[in-house]
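Participant: Questions regarding the structure given below will be posed in turn.
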Amino acid sequence: MLSWSSTGRTRGAAAAASSSYPGSRSGSATTTATTVQGTVRPPNSSGHSRSQHLESYLKDDILGRSTMKVSQDDTTYDTVFATVAEDTLILRVHFPAAVSSSVTRPPDMQLKGVVATHPWLDNIGRIVGFDPISSERAFRESRILLGQAVKQVVQELQLNPPVVSEFTDSHLESMQPRKKRAAQAQRKPPAPSRTLGASDASNESDSPPSYETLLGSGAAQVDLPSIPTNFPDLETMDRTALDEMLNNDVVFLDYCNNLPVTSELQKLVADKYEQLVSLASENLSRQTELQELHNSTKAVHEQLKMVVEEFKTLEQQQDALLEKPDPQVLIRELTQARRRAYEDSEKMAEAWLLQGERCAETMDEFCRAFLEERKIHHLRAAKVQILSQQQQHQ
């Protein structure tokens, strides 16, 4: 981990990188940059090639040992550093491939694995306050090398550390001092607890669990092997072998890869890989069944939509029937119905009189029908009178 106060380096970060590196990309190779003394400078100040920019960054005597490639190509690197606030942070530097030999795009820099605030950072941790890399033109006119740009950004974040509110990378959080981790844990809000009410209890079996619930309860727990605290092999090495291991990254990584704990980790990774392959195969074998269930559920859903629309129509009709009628409208309709009943009875009488001599034969039948029709007329007239009186008294 780089520090601006001394030129001596420890191998703690490199040892951690051999197993699990904070902020590393899954499936990408990680390669530690080789250190040489001094920063490589361009031969002239009119412009720099992409290779000169990368050399100034990767072969810098301060940045080199704290920088690791995290992409399969030569575009993305991580630099680990410590601040005066005792936070260990990772600056991810993405230096895109050049458009042409004469055009070099500025690098993108971002703090990884943390949520932090700083005048140079935006809301996702990108470096936006360093003017030389704010645009392609500014980067070209500044004539600054990539290594110089990274060094100035790191120095700013070291001496004026950002306020870290949360570590989103568990490995990076584990690299923090114990007291920093304790303070961070105290700042984290407690997980919200939810008590089921009566309505929730009735729907608990019908509704699926939320994603957050599954994520919290079903998080994978991996039993990692314990990190060794002593290395007997190192005690038997002479000074020459130790110096070679200290200065030669290949020898150092070879030693780390041959440790028993590394073998256990590799076996654990292989076992997890086989488990994932088995689960993926099982999921694929049930794809047809899932598709059939999806299709049947979709058909039932469409049917449910039709039934719901029909229910809404019937419900509106029911509401109209159950709604209390307006007295004025009811009086008007009863009056019209009374007049129709009166007119029907009069037509019935006229038709009976037109029978002439046959009137005597049909008198009884006529009287019953006529009286029934007039009864309806008088009942409706009485109802109109009652409703009218009620309206007057209100």
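Participant: Find all pairs meeting these conditions: Cβ atoms under 7 angstrom apart; at least six residues apart or on different chains; first residue within segment 262-274 and part of a helix (DSSP H, G or I); second residue surrounded by 12 or more Cβ atoms within 10 Å (Cβ to Cβ).
Facilitator: Short answer, once both residue conditions are applied: T262/S18; T262/S19; T262/C256; E264/P225; L265/S19; L265/P225.
Participant: If you scan segment 53-67, which residues turn out to be open to solvent by less than 40 Å² (accessible area, probe 1.4 Å), in a helix (DSSP H, G or I) and either out of contact with any helix residue (DSSP H, G or I) (no Cβ under 7 Å at 6 or more places or on another chain) or not small (G, A, S) (or both)?
Facilitator: Passing the criteria: H53, L54, Y57, L58.
Participant: Among residues belonging to segment 68-86 that are touching a residue at least 60 places away in the same chain (Cβ under 8 Å) and either out of contact with any helix residue (DSSP H, G or I) (no Cβ under 7 Å at 6 or more places or on another chain) or in a strand (DSSP E or B) (or both), point out the one that is nearest to G147 (Cα to Cα).
Facilitator: Taking segment 68-86 as the starting set, the residues that turn out to be touching a residue at least 60 places away in the same chain (Cβ under 8 Å) are 79-86.
Still in the running and either out of contact with any helix residue (DSSP H, G or I) (no Cβ under 7 Å at 6 or more places or on another chain) or in a strand (DSSP E or B) (or both): 79-82, 85.
On the way: T79: 11, V80: 14, F81: 15, A82: 18, A85: 24 Å.
Filtering segment 68-86 for residues that are touching a residue at least 60 places away in the same chain (Cβ under 8 Å) and either out of contact with any helix residue (DSSP H, G or I) (no Cβ under 7 Å at 6 or more places or on another chain) or in a strand (DSSP E or B) (or both), the one nearest to G147 (Cα to Cα) comes out as T79.
Participant: Does N248 fit the bill of being closer than 21 Å to R65 by Cα and of a type outside the set (A, V, I, L, M, F, W, C)?
Facilitator: Against the criterion (closer than 21 Å to R65 by Cα and of a type outside the set (A, V, I, L, M, F, W, C)), N248 qualifies.
Participant: Quickly run through segment 345-356 and pick out the residues that are surrounded by 15 or more Cβ atoms within 10 Å (Cβ to Cβ) and not hydrophobic (A, V, I, L, M, F, W, C).
Facilitator: S345 - this is the single residue of segment 345-356 that is surrounded by 15 or more Cβ atoms within 10 Å (Cβ to Cβ) and not hydrophobic (A, V, I, L, M, F, W, C).
Residue-wise test of (1) surrounded by 10 or more Cβ atoms within 10 Å (Cβ to Cβ); (2) modelled with pLDDT of 85 or more.
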position: L196; (1), (2): yes, no
position: A201; (1), (2): no, no
position: A241; (1), (2): yes, yes
position: M245; (1), (2): yes, yes
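Participant: Yes or no: F130 over 21 Å from D60 (Cβ atoms) and of a type in the set (F, W, Y)?
Facilitator: Values: over 21 Å from D60 (Cβ atoms): no; of a type in the set (F, W, Y): yes.
No; evaluated as a whole, the condition is false for this residue.
Participant: Could I ask something else about it? Look through Q394, Q318, Q287, Q303 and report the one residue that is exposed (fewer than 10 other Cβ atoms within 10 Å of the Cβ) and modelled with pLDDT of 90 or more. Quick ask: steps written out before the conclusion?
Facilitator: Numbers: Q394 fails: modelled with pLDDT of 90 or more; Q318 fails: exposed (fewer than 10 other Cβ atoms within 10 Å of the Cβ); Q303 fails: exposed (fewer than 10 other Cβ atoms within 10 Å of the Cβ).
Going through Q394, Q318, Q287, Q303 in turn, the sole match is Q287.
Participant: Of all the residues that make up segment 218-236, how many are open to solvent by less than 60 Å² (accessible area, probe 1.4 Å) and among the aliphatic types (A, V, I, L, M)?
Facilitator: The total comes to 2.
Participant: Can you give me the number of residues within segment 89-121 that are of a type in the set (D, E, K, R), surrounded by fewer than 18 Cβ atoms within 10 Å (Cβ to Cβ) and touching a strand residue (DSSP E or B) at 6+ places or on another chain (Cβ under 9 Å)?
Facilitator: We begin by selecting, within segment 89-121, every residue of a type in the set (D, E, K, R); these are 92, 105, 108, 112.
With surrounded by fewer than 18 Cβ atoms within 10 Å (Cβ to Cβ) added as a condition, the list becomes 105, 108, 112.
Remaining after also requiring touching a strand residue (DSSP E or B) at 6+ places or on another chain (Cβ under 9 Å): 108, 112.
So the count comes out to 2.
The values are calculated or read from the model by the stated rules, or taken from the named source; none is laboratory data. Everything numeric in this text was worked out from a predicted model, so none of it was measured. Cβ atoms come from the backbone with ideal geometry, glycine included; neighbour counts cover every protein chain shown. Side chains are part of the model used for accessible areas, which takes the heavy atoms of the whole protein and leaves out ligands, DNA and RNA. Shrake-Rupley method; radii C 1.70, N 1.55, O 1.52, S 1.80 Å.
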